[in-house]
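Okay, structure first, notes after.
The values are calculated or read from the model by the stated rules, or taken from the named source; none is laboratory data. Please read all numbers here as calculations on a predicted model, not as lab measurements. We place every Cβ from the backbone using ideal geometry, glycine too, and count neighbours over all the protein chains shown. Note: accessible area is taken over every heavy atom of the protein model, side chains too, but ligands, DNA and RNA are not part of it. Shrake-Rupley method; radii C 1.70, N 1.55, O 1.52, S 1.80 Å.
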Amino acid sequence: MEKGNLSINSDNILPIIKKWLYSDTDIFIRELVSNGSDAITKYNKLIDMGEIKSSDEKFEIHIRVDKDNKKIFIEDNGIGMTDDEIKKYINEIAFSGATDFVNKYNDKMDSNSEIIGHFGLGFYSSFMVADTVEIDTLSYIENSKAVNWTCEGGIEYSIKDSKKNTRGTLITLHINEDSKEFLNVFKLKEILKKYCSFIPVDIYFDDLNEKPKTDDDGNIIVVEKKPINNKTPLWIKQPSECTDKEYKDFYREVFHDFNEPLFWIHLNVDYPFNLKGILYFPKLKHELEAIEGQVKLYNNQVFIAENIKEVIPEFLLLLKGAIDCPDLPLNVSRSFLQNDGFVTKMSSYITKKVADKLNSEFKNDRETFTKYWDDINQFIKYGCIKDKSFYEKVNSSLLFKNINDDYITLDEYIEKSNSDDDKATIYYATDLALQSQYVKMFKENNLDAFILPTKLDPPFISYIEQYNDKVTFKRIDSDISDIFEEDEENDSNKELVDLFKSNVNKNNLEVKVSNLKSSSISSIIVQSEEARRMKEMSQMFGDMPMGDMPTGETVILNKNNKLVEKLIKLEDEDRAKLICEHIYDLALISYKGLDDKEMITFIERNNKILEDLI
């Protein structure tokens, strides 16, 4: 028996000691299983290069849990290790078995090599959960002897002969008291499902404490074992080879969402980096659901993490998807990305592919694209705000729903408005129920407006104005003197304005008289777009003081309305006051609604008016 000390230098001890190697303890199963996958990949590479004769052997990884004896076993039938390799790759932690293997066979390997393991470093994650770790391994090299390596959690190890008689490596973890949760069969399966669902080698799971199933006569029923993973995820296929059904089935398999996705983007590129994946546009049940999606990041089919904004642009994290990139520059734990130029280029590429897909859908199948719009517009608007380059790519494909329930682009709206102004005014509504009277006015005057009801829309239209100096947005209840003809000032109008102001007891109220097309509307309230946006900004930032800034609100009396027309002729002052107050409240109801006190007063006055009619 040989004994010695692990070769650890002061430069690399801190990142690898026990609990501090990885942020999540359950990562050990990913590291050990992916190391087993790497060992099998290496063996297959040797076969491909003619170093080993090919055979019909099935390559497998077996995970076995023995809760009674507090052990977990991970075994592969890959390349195995010799005595010398154990000393180099396990005892000298700074070395990487994968790097050494690639260097050795560099002249025979192609650029698509998929060996990613840092065997020594990944292996040491096992000490986060185990007091004692054993390796039993037999190399593929002819006449090799099986080796057992045992370490009891410190830096002391022992090497001796092993009884293993099949090629490959068996890791035995003696689970410590603090980590007994990992002996739970269901928990361990969930961890395997999380990290290893798509590892490119068949993985089998066994509960060694499970009693065998028997028939009525007590005979043991032999159940065919099936792999717990899918070693050929859909993203590794060419898009032309995939059916819609396969895309939808894969979506359900990965995200457990039984609502069908709206559509998807299949990423498949070999240059300037190797990247494959599928991004799905999910159907959202409500606006707030769009806050967080789920984009899973893989490295050679090994799960790395979710929603890594360094690789996947932040706005795309609202989607669901899987992206696999073997070229990702990972640090020693595989858990965190180095934020470098390579990653930035990858992020830009993904953004471009999403923009290209949206533009293609808009141009080639606008009818279907329109059907999707209510579900995807929040994502697209958010993307535009977060990424200028994305906005520049998709701005001509942006749709807006108008008050006639049509979906049109900004350019189509401007063209329809026949405006000769250098700067086009785009009108919009935020609440069709509250602003119904204004919508009616617009329709009666053959005017159009967009419907922008969500919290994301105000910053979105401000963003458009910032980068498109040829448009300005105004809410449908803003100052509309530029589209509805207003009466010139005369004595009759001045008398009506003074009467109205005095009776509603709001001397500072701005009042104008106009001939609106609809005779059924007695009055409306409008507010300048600038004043309203300032007010909304104030509310957003906690009612910051506005000083003496005017509200920008104006009451427009419709002289084409019979009630307003007769108002000026009323001799009964009390009756005139009653009517003026009621006209003002009717305008308020259509503008912003009444508060509790105002509503009580309105109802009492309404009853009084009805009583006078009887």
Check your understanding: For region 174-313, what is the convex hull (Cα atoms) projected area averaged across all directions, in square nanometres?
Key -> 13.6 nm²
Exercise for review: Give the residues of region 123-155 whose amide nitrogen is closer than 18 Å to a point set 7 Å from the Cα of residue 163 in the direction of its Cβ.
Suggested key: 134-138, 145-150
Practice item. Please report, to one decimal in angstroms, the Kirkwood hydrodynamic radius of region 212-271 built from all distinct Cα-Cα pairs. Key: 14.9 Å
Practice item. Please work out how much length the chain gains when fully extended from residue 568 to residue 445, using 0.36 nm per residue of separation minus the C-alpha to C-alpha distance, in nm with one decimal. Key: 41.6 nm
Review point. Quick one: if you stick a label point 7 Å off each Cα along the C-beta vector at residue 395 and residue 375, how many nm between them?
Key: 2.9 nm
**Study point:** Inter-label distance, nm, simple model (7 Å from Cα along the C-beta direction), residue 156/residue 260
**Key:** 6.5 nm
**Study point:** Selection of GluC sites (Glu not before Pro), region 159-248, meeting DSSP coil and at most 10 other Cβ within 10 Å
**Key:** 210, 224
Exercise for review: Can you give me the P(r) profile for region 373-490? Cα pairs, bins 5 angstrom wide beginning at 0, each as a whole percent.
Suggested key: 2, 10, 21, 24, 20, 12, 6, 2, 1, 1, 0
Check your understanding: For region 123-210, which whole-number percentage of the solvent-accessible area (1.4 Å probe, protein heavy atoms only) is attributable to carbon and sulfur atoms?
Key -> 44 percent
Practice item. Determine ³J(HN,Hα), in whole Hz, for all residues of region 128-134 in sequence, where each value follows from phi through the Karplus function 6.51 cos²θ - 1.76 cosθ + 1.60 and θ = phi - 60°; x replaces Gly and Pro. Key: 6, 10, 10, 6, 10, 10, 10
Review point. Long-range amide H contacts for residue 157: which residues qualify at under 5 Å (H placed 1.01 Å from N, peptide plane, sequence gap of 5 or more or a different chain)?
Key: 4, 6
Review point. Working out 0.36 nm times the residue gap between residue 490 and residue 359, then minus their Cα-Cα distance, what length gain in nm do you get to one decimal?
Key: 41.7 nm
Point to revise | Chain lengthening between residue 606 and residue 411 when straightened (0.36 nm per residue, less Cα-Cα) | key: 65.6 nm
